[in-house]
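**Q** I'd like to ask some things about the structure below.
Bear in mind that the values in this text are calculations on the coordinates, not laboratory data. All figures in this text were calculated on a predicted structure; none of them were measured in a lab. Methodologically, a virtual Cβ is constructed for each residue, glycine included, from the backbone with ideal geometry; neighbour enumeration extends over all protein chains shown.
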Amino acid sequence: MFKLCLSLSLPDLVQFNNILLTAAKEASKEKNFELAVQDGQDGSSKQSSDLQNAINQGVDGIVIAPNDVTAMVPALNDLVDANIPIVTVDRNVEGTKNPISHIRVDNTAQGRGVSR
C-alpha cells in the first residue's frame, strides 16, 4: 500500500516551531502519512540543503516555515521544477517561478499560547 511522505522543514526547533512540529506529528498519526522532519538549525543554507535532500528522497510534498524568505527562493524553485507541492507556513515567499500556497499564522495568538 502506498503511504504518502511529507517533509516538514523548520528553521529551528524552538517555541512556535515545536508547536507546529507537535501538530504535524499528531496529524501524521491520525491521517496515516509518513512525516520527515528537517531542522534547519537557524540557517538558510542548511534548510536549502535539507530541501534538496527531500527532492532526492522523493517526498510527496513539503511544508516549510522558511528561515529567510529571500534566501529560500532558489531551493523552492528546485521543488517547483521537481513538481513537488509546497506550502509555506508563517512566512510567505514571493519571487518563485510559480506561486506557492501559504498558511498565515497569527503570531500574536501564538505568543499568547507559548506564554501560558
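**Q** Out of Ser49, Asn83, Leu35, whose Cα points farthest toward the positive end of the dipole of the stretch 33-116 (charges: +1 Lys, Arg; -1 Asp, Glu; placed on Cβ)?
**A** Of Ser49, Asn83, Leu35, it is Leu35.
**Q** In whole Hz, with x marking every Gly and Pro, tabulate ³J(HN,Hα) for the stretch 21-27 from phi via Karplus 6.51 cos²θ - 1.76 cosθ + 1.60, θ = phi - 60°.
**A** 4, 4, 5, 5, 5, 4, 5
**Q** Continuing with this model, one more query. Give me, ordered by chain and number, the residues 5 or more places off His102 or on other chains with an amide H under 5 Å from its own placed amide H.
**A** Under 5 Å from the amide H of His102: Thr88.
**Q** I need Glu94, Glu30 ordered by Cβ neighbour count within 10 Å, fewest first.
**A** Values: Glu94 11, Glu30 8.
If I rank by nearby Cβ atoms, fewest first, I get Glu30, Glu94.
**Q** Which residues' amide hydrogens lie under 5 Å from the amide hydrogen of Ala36, considering only partners 5 or more residues apart or on another chain, with H built in the peptide plane?
**A** Leu6, Ser7, Leu8
**Q** Could I ask something else about it? How large is ³J(HN,Hα), in whole Hz, for each residue of the stretch 62-77 in order, when computed from phi with the Karplus curve 6.51 cos²θ - 1.76 cosθ + 1.60 and θ = phi - 60°, using x for Gly and Pro?
**A** 10, 10, 10, 9, x, 5, 9, 5, 7, 5, 7, 3, x, 5, 5, 5
**Q** Determine one quarter of the surface area of the Cα convex hull of the stretch 5-115, which equals its mean projected area, and express it in nm² to one decimal.
**A** Values: hull surface 26.2 nm².
That works out to 6.6 nm².
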